[in-house]
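Each remark here refers to the structure printed beneath this line.
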Amino acid sequence: MAFPYMSVIRRLPDLLVNQIAAGEVVERPASVLKEVLENALDAGSRSIDVQLEQGGVRRVRVADDGCGIARDDLPLALERHATSKIASLDDLERVATMGFRGEALAAIAGVARLSITSRADGAGHAWRIDAGSHPAEGSLAPAALNQGTVVDVADLYFNTPARRKFLKSEATEYAHCDEVFRRVALARPELAFQLSHNGRVSLRLVAGDARRRIGSLMGDDFLAHARVLEVDAGPLRLTGYAALPAYSRASRDAQYFFVNGRYVRDKLLTHAVREAYADILHGSRHPAYVLFLELDPAGVDVNVHPAKIEVRFRDARAVHQFVFHALTRSLAESGAGQVQPAPAAASWERPPA
């Protein structure tokens, strides 16, 4: 079979490059929300307001009160691999920020109508840039904003209708956005958050401590049936709440694991938790937990996936054993020593939004 174009190498247009990158970074509105929220966290925000329309397909708007972006840096924010968060290989090997790859905004601008309004600390007023359909065509204009940054993403996939067809119903897309919002809010209880959908406030969370935030998002019943973990072993620290076996779920929707403040889905950590519950939980049931693992950033690679939801540990066995033993001891001290039968119905339901 002949491949007539194999011998011709082309430099792809910037817009097409960004649209290809969007295939890795921007799966759905929730992906957009995750990336923009991470930037708001890295900006040192104390309060973050999220507004969604039509499940995020029509609009994802995130306003924060962080340090803002300087006028001359706004165009750079829309360029691929332009970032203020890493400058060397050493920085990349010790990532301490949430977003750092420097490609999310450019990718989003390739498949949506993106605008950024920002007022940097000390600036006389704010500036706005509209990416339009091509980041290079963005133009700067003065704008009104007291503090921080507003990122407005409208009409996701307006120029790539084939991808838009893969989006689900408004309710489903909103549920994914709601889940991303909850993960970020769980990780940062010291910040205030608000989530609105189609003009109606769904969640309003005041700044506080971890217990209060977990109670707001997981429910007081979860806290009443959970045990507190605070375990240190050298460079490793595990904190959070792990529910007793009697308070189990038919699915994994009440499982949250964070590594250095980043929500992750990691097979090694999931296995360690499952093994800790193995002798005291019915095989068809799933434990509920909100756990935070802290370690030296050099001991974990968060740059293994574009969405940064997977990680790789430098000493995977040590991390696995630490999490396993910490949970096992905590559950044993709570008296959870008997295998629990499967209850007739789930013992935890997400509080209504």
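If you check GLY208, GLY215, which single one turns out to be free of Cβ contacts under 8 Å to residues at least 40 places away in the same chain, open to solvent by 20 Å² or more (accessible area, probe 1.4 Å), within 20 Å of GLY240 (Cα to Cα) and among the small types (Gly, Ala, Ser)? Break it down stepwise before answering.
Numbers: GLY215 fails: open to solvent by 20 Å² or more (accessible area, probe 1.4 Å).
Checking each option against the conditions leaves just GLY208.
Taking the criterion of being open to solvent by 70 Å² or more (accessible area, probe 1.4 Å), part of a strand (DSSP E or B) and free of Cβ contacts under 8 Å to residues at least 60 places away in the same chain, would at least one residue in region 269-292 satisfy it?
No: region 269-292 contains no residue that is open to solvent by 70 Å² or more (accessible area, probe 1.4 Å), part of a strand (DSSP E or B) and free of Cβ contacts under 8 Å to residues at least 60 places away in the same chain.
Residue by residue, here is whether (1) at pLDDT 90 or above; (2) open to solvent by 80 Å² or more (accessible area, probe 1.4 Å); (3) outside any helix (DSSP H, G or I); (4) of a type in the set (Lys, Arg) holds:
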residue	(1), (2), (3), (4)
PHE322	yes, no, no, no
LEU327	yes, no, no, no
SER330	yes, no, no, no
ALA346	no, no, yes, no
PRO352	no, yes, yes, no
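For the structure I just gave you, tell me whether GLU173 is at pLDDT 95 or above and either in contact with a helix residue (DSSP H, G or I) (Cβ under 6 Å, 6 or more places away or on another chain) or among the small types (Gly, Ala, Ser) (or both).
In short, yes.
Mind listing just one residue for me: the one in region 239-268 that is in a loop (DSSP other than H, G, I, E, B) and hydroxyl-bearing (Ser, Thr, Tyr) and, of those, most open to solvent (accessible area, probe 1.4 Å)?
Among them, the one singled out is SER251.
Could you list, in sequence order, the residues of region 98-116 that are modelled with pLDDT under 70 and of a type outside the set (A, V, I, L, M)?
Within region 98-116, the subset modelled with pLDDT under 70 is 98-102.
Matches in region 98-116: GLY99, PHE100, ARG101, GLY102.
Hand me the list of helices (runs of 4 or more DSSP H) wholly inside region 142-232 holding 2 or more residues that are among the hydrophobic types (A, V, I, L, M, F, W, C).
Numbers: elements: 161-164, 170-187, 210-218, 220-224.
Those helices (runs of 4 or more DSSP H) span 170-187, 210-218, 220-224.
Mind checking which residues of region 218-227 are open to solvent by 30 Å² or more (accessible area, probe 1.4 Å) and in contact (Cβ under 8 Å) with a residue 24 or more places away in the chain?
Within region 218-227, ASP221, HIS225, ARG227 qualify.
Counting only residues that are of a type in the set (D, E, K, R) and over 23 Å from the mean Cα position of the chain (by Cα), how many does region 146-173 have?
The total comes to 1.
Across region 40-57, which residue is surrounded by the fewest Cβ atoms within 10 Å (Cβ to Cβ) among those that are in contact with a Leu (Cβ under 9 Å, 6 or more places away or on another chain) and in a loop (DSSP other than H, G, I, E, B)?
The qualifying residue surrounded by the fewest Cβ atoms within 10 Å (Cβ to Cβ) is ARG46.
If you go through region 293-314, how many residues are at pLDDT below 95 and either among the charged types (D, E, K, R) or open to solvent by 70 Å² or more (accessible area, probe 1.4 Å) (or both)?
Within region 293-314, residues that are at pLDDT below 95 and either among the charged types (D, E, K, R) or open to solvent by 70 Å² or more (accessible area, probe 1.4 Å) (or both) number 6.
Among the residues of region 125-166, what is the count of those that are under 30 Å from TYR256 (Cα atoms) and modelled with pLDDT of 95 or more?
So the answer is 8.
Based on this model, can you work out whether ALA154 counts as under 22 Å from ILE20 (Cα atoms) and touching a helix residue (DSSP H, G or I) at 6+ places or on another chain (Cβ under 6 Å)?
no
Could you grab me the full set of residues in region 49-97 that are farther than 14 Å from SER118 by Cα and at pLDDT 95 or above?
Across region 49-97, the qualifying residues are ASP49, VAL50, GLN51, LEU52, GLU53, GLN54, GLY55, GLY56, VAL57, ARG58, ARG59, VAL60.
The values are calculated or read from the model by the stated rules, or taken from the named source; none is laboratory data. Here the structure is a predicted model, which is why all the values come from computation and not from measurement. Using ideal geometry, Cβ is built from the backbone for each residue, glycine included, and neighbour counts are taken over all protein chains shown. Ligands, DNA and RNA are stripped out before the accessible areas are found, and what is left, the full protein with its side chains, is counted by its heavy atoms. Shrake-Rupley method; radii C 1.70, N 1.55, O 1.52, S 1.80 Å.
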